[in-house]
Amino acid sequence: MTQQPLSRRRALGTVAATSLAALFTAGAPRAAAAMSRPAPLAGGTYTIAKNPGQLLTAQGANEPLVILPPGAAPGAQEWEVVRLTHGNIALRNIRQNTYVGHQGTFRPHRFAVTTSTPYEWGLSPALRTSKGFLAFHLQAPDSELVLDRSPLAVYPPRVDLQLPRKGDMRQAWQFRAVTK
């Protein structure tokens, strides 16, 4: 695969993000109130932390998402939040231009993977910390399942879909804006 200049990559990402909103709003009909609901997080570039010292990391195209310490995979830990018109988001990895997706249908313990196809995710606010970090549950649309650290005892830890555990803040993800 040839390397594209970063400015061209960003331009393509912007075009893809603009087209993304149209793609998702053309999908299944939603209630009028849901269509006007803004996403609870501003669009932009973020690192997404499971807890201090563990960041959501893309390994490569069509590979499972993992959780690694900051700096373990430079560039693979920065995510663009693409706001969609009905309040959901898509997460695009800046370095690889891939999206947070999942394997197959929405079922518990299906791995989250990177895909070339954008997937829609809901954000359920969980916490605002004293340092201003925002914590959210990443929820599969039209499902109660959320993204969480997989219970598999493997390294690096993987991410999968799980049933929500009411009040369990360990299922929340902290979004930290990347400043350049």
Practice item. Please state the charge dipole magnitude for region 62-142, taken about the Cα centre, from unit charges on C-beta atoms (+1 on K and R, -1 on D and E), reported in debye and rounded to the nearest 20. Key: 160 debye
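Convert 20 °C to kelvin, take the viscosity as 1.002 mPa s, use the Kirkwood radius over C-alpha pairs of region 40-92 as Rh, and evaluate the Stokes-Einstein diffusion coefficient in µm²/s, rounded to a whole number.
Roughly 181 µm²/s, to the nearest whole number.
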Review point. Per residue, what volume in Å³ does the Cα convex hull of region 42-153 take up?
Key: 113 Å³
Practice item. Report the accessible area of Leu55, computed with a 1.4 Å probe over the heavy atoms of all protein chains in place, in Å² rounded to the nearest 10. Key: 10 Å²
Study note, to complete from the structure: The answer for the net charge of residues other than Leu145 whose Cβ lies under 11 angstrom from its Cβ, with Lys and Arg +1 and Asp and Glu -1, is -2
Check your understanding: Rg to Rh ratio, region 88-178, alpha-carbon atoms and Kirkwood radius?
Key -> 0.95
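The values are calculated or read from the model by the stated rules, or taken from the named source; none is laboratory data. Bear in mind that the values here come from a model prediction, so they are computed numbers and not experimental data. Neighbour counts run over all protein chains shown; Cβ positions are idealised from the backbone, glycine included. Ligands, DNA and RNA are stripped out before the accessible areas are found, and what is left, the full protein with its side chains, is counted by its heavy atoms. Shrake-Rupley method; radii C 1.70, N 1.55, O 1.52, S 1.80 Å.
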